[in-house]
Amino acid sequence: MRRPLIDFALNLSEQDYRKYKAISYSRIKSYLTKGAGSLIAEPDEESESMAFGKLVDTLLTQRDLLDSLYYVVDIPNVPPKVLEVINIAEQSEIDLNTIDNDDLDSLLSSADYYNNYKPETRIKKFREDSSELLRVTSNAGNRIIVTTSDFTEAHTLFKSIITAPFAEVYFPELTDDIEIFYQIQFAAYFNGIKVKCMFDKIIVNHTKKYITLIDFKTTSDLEIDFIKPLFKFKYYIQAELYRYILSEVLDEDSYYSEFTISPFTFIVGNKVNLCPIAWEYPLDANHTDWMNAIKEMDINFNTGQFKYYPSTLDNKAILQLNINDKSRVF
């Protein structure tokens, strides 16, 4: 009997998925690159390239949410001193749209904003110089502000991906026999330890009994050189872990156990080169670093020791340099 794939998914909001207690690719990557301390460290701030990639992902996987997530606008230019005051206000959670003159004067004084001016003069100057930017932030609300030029770049890359030579394979039309899922989440166990994943896109062909796994990547490298970021950002972990999780989830089901799960496919685009390539990850590739990392992360959590890798402590923090290891990319 045919079953929709969504029946096996976690079906959580993105916020709840982030809170869901299971080990993810991003936690494994941080653990391997930053050490055991990453398990209790605050998340890194989002970089410009990460923010751009997320915008492209939204265009590809959640276009219906675009207007509720992003506010596209030409951001007005403001003097650096005004930006300094706005940044201080944001850090202090002060609403500059509603602040009264006395409190604003104190804020401007603490920010050393034209302290040689009379209070009423500098207040007037600040309100005039900041009015357009504050109007933009007020209109944006909780949405992410994106410049028109950045959005145009993202949309151009999006169009290049959906019209690429591989489009008929990875962007098929919906039919009664084809299901397409975006941002779909699953969880399973690896050596008794819970792991989770969220696919950008999955295509289920019920007639051919074939499941296609897709992840979208933006890169500053040429698309043909994807091997560089594959190892630099350890995307190979994502390919192997995600396919493992879905296989574990579906293997015991009488309907889906007959399906073939495709090689994990990275659809890679560069906003300048605009020559997208769909890279299929080899089925026979298996890296042990992430497998060992999951086991060690579990030990760290159980012991409450977040300074060393457990295997490092087992050797009394005495290790041998492997200068022939070509898997590291610096």
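The values are calculated or read from the model by the stated rules, or taken from the named source; none is laboratory data. Here the structure is a predicted model, which means the values were calculated and not measured. Positions of Cβ are generated from backbone atoms using ideal geometry, with glycine treated the same way; all protein chains shown enter the neighbour counts. Calculation scope for accessible area: heavy atoms of the full protein, side chains included, ligands and nucleic acids excluded. Shrake-Rupley method; radii C 1.70, N 1.55, O 1.52, S 1.80 Å.
Could we say that Lys209 is closer than 16 Å to Tyr25 by Cα and in contact with a helix residue (DSSP H, G or I) (Cβ under 8 Å, 6 or more places away or on another chain) here? Outline the logic, then answer.
Numbers: closer than 16 Å to Tyr25 by Cα: no; in contact with a helix residue (DSSP H, G or I) (Cβ under 8 Å, 6 or more places away or on another chain): yes.
Spelling it out, it is not the case that Lys209 is closer than 16 Å to Tyr25 by Cα and in contact with a helix residue (DSSP H, G or I) (Cβ under 8 Å, 6 or more places away or on another chain).
Could you count how many residues in the range 218-253 are outside any helix (DSSP H, G or I) and either touching a Cys at 6+ places or on another chain (Cβ under 7 Å) or without any contact (Cβ under 8 Å) to a residue 60 or more places away in the chain (or both)?
Step one: of the range 218-253, the residues outside any helix (DSSP H, G or I) are 218-222, 226, 233-234, 252-253.
Those left that are additionally either touching a Cys at 6+ places or on another chain (Cβ under 7 Å) or without any contact (Cβ under 8 Å) to a residue 60 or more places away in the chain (or both): 219, 221-222, 226, 252.
Number satisfying all stated conditions: 5.
Scanning for something over 26 Å from Val249 (Cβ atoms) and open to solvent by 40 Å² or more (accessible area, probe 1.4 Å), does the range 11-24 turn up at least one residue? Give the derivation first.
Applying the first criterion (over 26 Å from Val249 (Cβ atoms)) to the range 11-24 yields none.
No, that holds for no residue.
Going through the range 11-38 one residue at a time, which ones are hydrophobic (A, V, I, L, M, F, W, C) and either in contact with a strand residue (DSSP E or B) (Cβ under 7 Å, 6 or more places away or on another chain) or outside any helix (DSSP H, G or I) (or both)? Full working, then the answer.
Restricting attention to the range 11-38, the residues satisfying the condition of being hydrophobic (A, V, I, L, M, F, W, C) are 12, 22-23, 28, 32, 36.
Hits for the range 11-38 are Leu12, Ala22, Ile23.
Which one of the conditions (1) in contact with a strand residue (DSSP E or B) (Cβ under 9 Å, 6 or more places away or on another chain); (2) part of a loop (DSSP other than H, G, I, E, B) does Glu173 fail to meet, given that it meets all the rest?
All conditions are met except number (1).
For the range 173-209, which residues satisfy the criterion of being surrounded by 14 or more Cβ atoms within 10 Å (Cβ to Cβ) and either more than 24 Å from Gln15 (Cα to Cα) or without any contact (Cβ under 8 Å) to a residue 60 or more places away in the chain (or both)?
Ile178, Glu179, Ile180, Phe199, Ile203, Val204, Asn205, His206 - these are the residues of the range 173-209 that are surrounded by 14 or more Cβ atoms within 10 Å (Cβ to Cβ) and either more than 24 Å from Gln15 (Cα to Cα) or without any contact (Cβ under 8 Å) to a residue 60 or more places away in the chain (or both).
Here is a list of conditions, (1) of a type in the set (A, V, I, L, M); (2) under 22 Å from the mean Cα position of the chain (by Cα); (3) open to solvent by less than 60 Å² (accessible area, probe 1.4 Å), and Leu274 meets all of them except one; can you say which number that is?
Only one criterion in (1) of a type in the set (A, V, I, L, M); (2) under 22 Å from the mean Cα position of the chain (by Cα); (3) open to solvent by less than 60 Å² (accessible area, probe 1.4 Å) is unmet by Leu274, namely (3).
Determine whether Glu42 is more than 25 Å from the chain's Cα centre (by Cα), open to solvent by 80 Å² or more (accessible area, probe 1.4 Å), more than 30 Å from Glu153 (Cα to Cα) and of a type in the set (Asp, Glu).
No; evaluated as a whole, the condition is false for this residue.
For Asp105, all conditions in the list (1) free of Cβ contacts under 8 Å to residues at least 40 places away in the same chain; (2) under 30 Å from Ile237 (Cα atoms) hold save one; what is the number of the exception?
Going through the list (1) free of Cβ contacts under 8 Å to residues at least 40 places away in the same chain; (2) under 30 Å from Ile237 (Cα atoms), Asp105 breaks only (2).
Can you find even one residue in the range 285-297 that is assigned to a strand (DSSP E or B) and out of contact with any helix residue (DSSP H, G or I) (no Cβ under 8 Å at 6 or more places or on another chain)? Lay out the reasoning, then the answer.
Taking the range 285-297 and keeping what is assigned to a strand (DSSP E or B), we get none.
Within the range 285-297 (the criterion being assigned to a strand (DSSP E or B) and out of contact with any helix residue (DSSP H, G or I) (no Cβ under 8 Å at 6 or more places or on another chain)), the answer is no, since none of the residues qualifies.
Could you please find all residues in the range 1-10 being part of a loop (DSSP other than H, G, I, E, B), open to solvent by less than 80 Å² (accessible area, probe 1.4 Å) and hydrophobic (A, V, I, L, M, F, W, C)? So that I can check it myself, show each step before the final result.
First, pick out the residues of the range 1-10 that are part of a loop (DSSP other than H, G, I, E, B): 1-4, 9-10.
Subset that is open to solvent by less than 80 Å² (accessible area, probe 1.4 Å): 4, 9-10.
Those that are part of a loop (DSSP other than H, G, I, E, B), open to solvent by less than 80 Å² (accessible area, probe 1.4 Å) and hydrophobic (A, V, I, L, M, F, W, C): Ala9, Leu10.
Restricting the range 282-320 to residues that are polar (S, T, N, Q) and over 30 Å from Thr212 (Cβ atoms), which is most open to solvent (accessible area, probe 1.4 Å)? If you could, list the steps in order and put the result at the bottom.
Here is the first cut: in the range 282-320, the residues polar (S, T, N, Q) are 286, 288, 292, 300, 302-303, 305, 311-312, 315, 320.
Retained after the next criterion (residues that are over 30 Å from Thr212 (Cβ atoms)): 300, 302-303, 305, 311-312, 315, 320.
Values: Asn300: 0, Asn302: 119, Thr303: 90, Gln305: 43, Ser311: 48, Thr312: 19, Asn315: 82, Gln320: 165 Å².
The qualifying residue most open to solvent (accessible area, probe 1.4 Å) is Gln320.
With Phe266, Phe226 as the choices, which residue is within 24 Å of Val195 (Cα to Cα) and either open to solvent by 80 Å² or more (accessible area, probe 1.4 Å) or modelled with pLDDT of 95 or more (or both)?
When all the criteria are applied, what remains is Phe266.
Would you be able to say whether some residue in the range 39-51 is polar (S, T, N, Q) and outside any helix (DSSP H, G or I)? Working first, answer last.
Step one: list which residues in the range 39-51 are polar (S, T, N, Q), which gives 47, 49.
Retained after the next criterion (residues that are outside any helix (DSSP H, G or I)): 47.
The answer is yes, given that some residue of the range 39-51 is polar (S, T, N, Q) and outside any helix (DSSP H, G or I).
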